[in-house]
Amino acid sequence: MKNTIIGALRDGFTEPVRDTLWGHIYLTPELEALTRTRAFVRLHRIAQLGPTNFCYPGATHTRAAHSLGVYHLTHRMLSILYERGASEWLSFCGMRSMLCAALLHDAGHFPYAHSLKELPLASHEELTGILIRSPPVNRIITAAGGDPCVSAAIVDGNIDTNGNAEILFYRKLLSGCLDPDKLDYLNRDARYCGVPYGSQDIDFIFSTLHPHAERGVDITPRGIPSVEAMLFSKYMMYRSVYWHHSVRCATAMVKKALLTGLIENILQPEDMYNLTDAGLLNLMTRMFERGHSVFALGIRAYEGQFFSLAAEFPFDDAAAARLETRIGLSGIMERPRYETKLAAALSSETGAVITGDQLIIDVPEPFLFETGLFVREENCLFDESTSFFAGKTAQVLIKNLRIVRVYIDNIVYHGRETLFSKTIHEIFASVVNK
């Protein structure tokens, strides 16, 4: 029986794909057919890091390449965990469903990196679950030995599992502290950006993993330094790459254009589903040509014509609470209203004429370090272990990352840099300190 089940990970993987990061990645003919579906092919036309290539020109890799990498690491991880005891609760169909889920985990992802993440849209996980259960994808998953409903439930955490423990196990593998998604994107993004921060010792990390039916994976104390390296890599990649001030500006410009379109009923959520990067640009161009000027923001972002950084300050808890209470700063639906108010205040204080469309407030979304791993032998959770990240270290790093920034159109900002910066800080200080 065991040999039959392990065939889920060994039999029929005859189709090689050459990957820059991991070398040869092998798929079965059915899994290879999944990469030819419209749902997957779309990912070849979505850059993994959106506008980041304006800062790091090598960052042109796609979500398709990343998805293949996640599938590859999932395959390796499952093989190791199966041999170390997970065979007691894993099934042939379940493992094949998990491989399909890993390959398709980003099938519903939005274009232009995470610029659409905070908008009032269905989550990309929900959209992925719909695509997985729709033809022809669902038929190919079945032919591959999986169950499309199981694959969808692994990706979309809102799907009821009816207490299926195997699905819950796979969810913890695909989305956790040492998940294949994170291990691929940190390594891949660092490679293509040309920075050293994201590189991880995958072989050693996998050597420290042990399966647990409820927790997903545990690590041995030997694995603590590897987890620390991964967490600090995530911190450095966010600080230097993902949340670089120019990247934040570009995504904020696109987000502001689309949010305005949604608020004013120019756009409907369905207009933004299943788009490529080029498709999103075409959508904004059509809206602009119909007379909706705010979409010029998104077009300019695609062309690299970013606003200037006028001011920035830490988003500490005390200040955040006051700002949220007084002006709804952390709520994205309220942000356009306050941007208009801030633009009017700046116009009054500086004598410049600035509109709400010429100013953007960017507030990074909540950030977490996943430290929920259980450490064997020490018999405790990772953040209670002998790790450097135990205690308040993670909170300090998060505080360093979350920075409120104000961007202003170069047309009005140029020549008034010092005046604008000073005035913005005074306005925000008066709100925070009241």
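Below, the figures for the structure above:
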{"quantity": "Qualifying positions in segment 60-70 - part of a helix (DSSP H, G or I) and either closer than 17 Å to Q200 by Cβ or in contact (Cβ under 8 Å) with a residue 60 or more places away in the chain (or both)", "calculated": "A65, H66, G69, V70"}
{"quantity": "Among (1) surrounded by 18 or more Cβ atoms within 10 Å (Cβ to Cβ); (2) of a type outside the set (S, T, N, Q); (3) part of a helix (DSSP H, G or I) - the single one A107 does not satisfy", "calculated": "(3)"}
{"quantity": "Yes/no for V247 being among the β-branched types (V, I, T), touching a Phe, Trp or Tyr at 6+ places or on another chain (Cβ under 7 Å), over 22 Å from A390 (Cβ atoms) and crowded, with 19+ Cβ neighbours inside 10 Å", "calculated": "no"}
{"quantity": "Selection count where residues are assigned to a helix (DSSP H, G or I) and either aliphatic (A, V, I, L, M) or within 19 Å of L27 (Cα to Cα) (or both), scope segment 73-92", "calculated": "12"}
{"quantity": "Search result, residues across segment 1-48 that are out of contact with any strand residue (DSSP E or B) (no Cβ under 9 Å at 6 or more places or on another chain), among the hydroxyl-bearing types (S, T, Y) and crowded, with 16+ Cβ neighbours inside 10 Å", "calculated": "T37"}
{"quantity": "Residue ranges of helices (runs of 4 or more DSSP H) in segment 1-58 with at least 3 members β-branched (V, I, T)", "calculated": "2-10"}
{"quantity": "Among the residues listed as L81, L99, the single one being closer than 21 Å to D203 by Cβ, touching a His at 6+ places or on another chain (Cβ under 9 Å) and crowded, with 24+ Cβ neighbours inside 10 Å", "calculated": "L99"}
{"quantity": "Condition check for T52: in the same structural domain as C193 (by TED's automatic domain parsing), touching a strand residue (DSSP E or B) at 6+ places or on another chain (Cβ under 8 Å) and more than 21 Å from D147 (Cβ to Cβ)", "calculated": "no"}
{"quantity": "The lone exception for P269 - which of (1) over 30 Å from V375 (Cα atoms); (2) crowded, with 19+ Cβ neighbours inside 10 Å; (3) of a type outside the set (K, R) it fails", "calculated": "(2)"}
{"quantity": "Scope segment 261-295; condition more than 24 Å from A64 (Cα to Cα) and in contact (Cβ under 8 Å) with a residue 60 or more places away in the chain; matching residues", "calculated": "L262, I263, S293, V294"}
{"quantity": "Residues of segment 21-49 that turn out to be within 17 Å of T128 (Cβ to Cβ) and of a type in the set (G, A, S), as a count", "calculated": "1"}
{"quantity": "Matching residues, segment 347-399, being acidic (D, E) and more than 28 Å from the chain's Cα centre (by Cα)", "calculated": "E349, E377, E378"}
{"quantity": "Evaluation of S97 against (1) more than 30 Å from S246 (Cβ to Cβ); (2) in contact with a Lys or Arg (Cβ under 7 Å, 6 or more places away or on another chain); (3) among the hydroxyl-bearing types (S, T, Y) (one fails), failing number", "calculated": "(2)"}
{"quantity": "Looking only at segment 355-376, and only at residues there that are closer than 27 Å to A229 by Cα and of a type in the set (D, E), the one that is surrounded by the most Cβ atoms within 10 Å (Cβ to Cβ)", "calculated": "E370"}
{"quantity": "Some residue of segment 381-402 being in a helix (DSSP H, G or I), within 22 Å of A301 (Cβ to Cβ) and not hydrophobic (A, V, I, L, M, F, W, C)", "calculated": "no"}
{"quantity": "Unmet requirement for L281, which otherwise passes all of (1) out of contact with any His (no Cβ under 7 Å at 6 or more places or on another chain); (2) surrounded by fewer than 19 Cβ atoms within 10 Å (Cβ to Cβ)", "calculated": "(2)"}
{"quantity": "Helices (runs of 4 or more DSSP H) lying entirely in segment 116-224 (those with 1 or more residues that are under 30 Å from M284 (Cβ atoms) and out of contact with any strand residue (DSSP E or B) (no Cβ under 9 Å at 6 or more places or on another chain))", "calculated": "124-132, 137-143, 148-155, 180-193"}
{"quantity": "When residues of segment 121-133 are limited to those that are of a type outside the set (A, V, I, L, M) and within 28 Å of I6 (Cα to Cα), the one nearest to the chain's Cα centre (by Cα)", "calculated": "T128"}
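The values are calculated or read from the model by the stated rules, or taken from the named source; none is laboratory data. From a predicted model like this one, the values you see are computed outputs, not experimental measurements. Backbone-built Cβ (ideal geometry, glycine too); neighbour counts: all protein chains shown.
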